[in-house]
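S.K.: A single structure is presented below for examination.
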Amino acid sequence: MSVPEDEERLLPLAQRWPRASKFLLSGCAATVAELATFPLDLTKTRLQMQGEAALARLGDSGRESAPYRGMVRTALGIVQEEGFLKLWQGVTPAIYRHIVYSGGRMVTYEHLREVVFGKSEDKHYPLWKSVIGGMMAGVVGQFLANPTDLVKVQMQMEGKRKLEGKPLRFRGVHHAFAKILSEGGIRGLWAGWVPNIQRAALVNMGDLTTYDTVKHYLVLNTPLEDNIMTHGLSSLCSGLVASILGTPADVIKSRIMNQPRDKQGRGLLYKSSTDCLIQAVQGEGFMSLYKGFLPSWLRMQSGWITQGHPMRPSTEFSRFES
C-alpha cells in the first residue's frame, strides 16, 4: 500500500530513499575500512609484482636489483626506503573504487533479489540464489569500478619505479585518469577487466557459500548460537576460501594493469590474461599465482569481521568483501 505524499515527507530519509541511503552508508563504511587496511593492499600489490618473469623480455634488470621479500619485510622496506606515508600511496583511487564497487554491487544484488529471483513462498531466500546473485552483483560492481582499480594499481607501483630510477608516470590521481584515457581511450581504462571480474565472482562465490555452510554447521552441531563468535569463525573460514579462489585472478589482474604500454596503450608484456597466466606459471612456478596471499587474506578478514554485509540484510552478523 502506498504512503500518502504528506506522510511520506515526514518519513526519515533512509525510508524515503532506501537504496540511495544504503549506497551512501556503504560508501562511507568502505572509505573508513579502506584507510585502515590500505597498507595491506599496497603490500599485496608489491608482492604480486616481485620476480615478474615477463620483464626479462624487455631486458629489465630492475627486477633483479631487489631481493625477494615477505609481507613484513616488504612493508618495512616501503617505510624505510620511501617513507611511512607511502604506505597509503594510491589510497585516493582506492576510495573511489570502493564507493563505486560497493554501491554498484549492493544495488545490483538487491535488484536481483527482489525483482529477478524473488523469495520462495515461505519468504525464504535459498543459498543458491544468494550465491548466484552475489557473483553477478560482484561482477557488475567490479566492472564499473575497473578504471579506479587500474589507477590504484599503477599508483601503488610508482614508489618502486622511483627507487629503480625510472620516470614516474603520473603527477596525481586525475592526471593518471587523463593520461590513461588519452593513450588508450575508453578501452584503456578497462585494461585487466577480465581477470578483475573473475576475481570478484570467485571471491563472492567462496565467501557466500563457505560462510553459510560453516555457520549452519556451527549452529546445528556445536553449543554456539548465532552471535559474534559464530560470525567471526564463519568469516575466518569464508575469507580463507575466498582468498584461495580469488588470489590467482588478482595476481593476473595486477600484472596486466601495471605492465608497460606502447604509445597506443597496448601492453608490451602480455597479450591477454591467459598469456599472463601461462608466462607466470612457466617462468616462476604455480605458486607465483599466490603471491600476496597473506596480506590479501588479512585484509579480507579485517573488513568482513568489522562491517555489515549489504547482501545479508536479514542476518545480524555478517561480512563485507573488500
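The values are calculated or read from the model by the stated rules, or taken from the named source; none is laboratory data. Since we're looking at a predicted model, the values are computed, not measured. As a convention, Cβ positions derive from the backbone with ideal geometry for all residues, glycine included, and neighbour counts pool all protein chains shown. We work out accessible area using only protein heavy atoms, side chains counted, and drop any ligands, DNA or RNA first. Shrake-Rupley method; radii C 1.70, N 1.55, O 1.52, S 1.80 Å.
S.K.: Which of (1) touching a residue at least 12 places away in the same chain (Cβ under 8 Å); (2) in contact with a Phe, Trp or Tyr (Cβ under 8 Å, 6 or more places away or on another chain) is the odd one out, the single condition Lys179 does not satisfy?
M.R.: Tallying (1) touching a residue at least 12 places away in the same chain (Cβ under 8 Å); (2) in contact with a Phe, Trp or Tyr (Cβ under 8 Å, 6 or more places away or on another chain), Lys179 fails exactly one: (1).
S.K.: Only residues that are of a type in the set (A, V, I, L, M), part of a helix (DSSP H, G or I) and within 19 Å of Thr45 (Cβ to Cβ): list them for region 157-184, please.
M.R.: Leu163, Val173, Ala176, Ile180
S.K.: Could you check how many residues of region 252-273 are in contact with a Gly (Cβ under 7 Å, 6 or more places away or on another chain) and either acidic (Asp, Glu) or at pLDDT 90 or above (or both)?
M.R.: So the count comes out to 4.
S.K.: Now for a separate question. Mind telling me which of the residues Ile256, Ile252 ends up being touching a strand residue (DSSP E or B) at 6+ places or on another chain (Cβ under 9 Å) and either in a helix (DSSP H, G or I) or closer than 24 Å to Ala145 by Cβ (or both)?
M.R.: Exactly one residue qualifies, and that residue is Ile256.
S.K.: Can you name every residue in region 197-212 that is among the aromatic types (Phe, Trp, Tyr) and within 10 Å of Gly246 (Cα to Cα)?
M.R.: The answer is none; no residue qualifies.
S.K.: Whether any residue in region 232-254 is more than 30 Å from Pro126 (Cα to Cα) and of a type outside the set (A, V, I, L, M) is what I want to check.
M.R.: yes
S.K.: If I filter region 124-133 for residues that are among the hydrophobic types (A, V, I, L, M, F, W, C), open to solvent by 50 Å² or more (accessible area, probe 1.4 Å) and modelled with pLDDT under 85, do I get at least one hit?
M.R.: yes
S.K.: Is there a residue being assigned to a helix (DSSP H, G or I), more than 20 Å from Leu150 (Cβ to Cβ), among the charged types (D, E, K, R) and modelled with pLDDT of 90 or more anywhere in region 64-77?
M.R.: Yes, the conditions are met somewhere in region 64-77.
S.K.: When residues of region 136-159 are filtered for being in contact with a Leu (Cβ under 8 Å, 6 or more places away or on another chain), open to solvent by 10 Å² or more (accessible area, probe 1.4 Å) and over 30 Å from Leu85 (Cβ atoms), how many remain?
M.R.: Here the count works out to 1.
S.K.: Leu208 passes all but one of (1) at pLDDT 90 or above; (2) part of a helix (DSSP H, G or I); which number fails?
M.R.: Of everything listed in (1) at pLDDT 90 or above; (2) part of a helix (DSSP H, G or I), Leu208 misses just condition (1).
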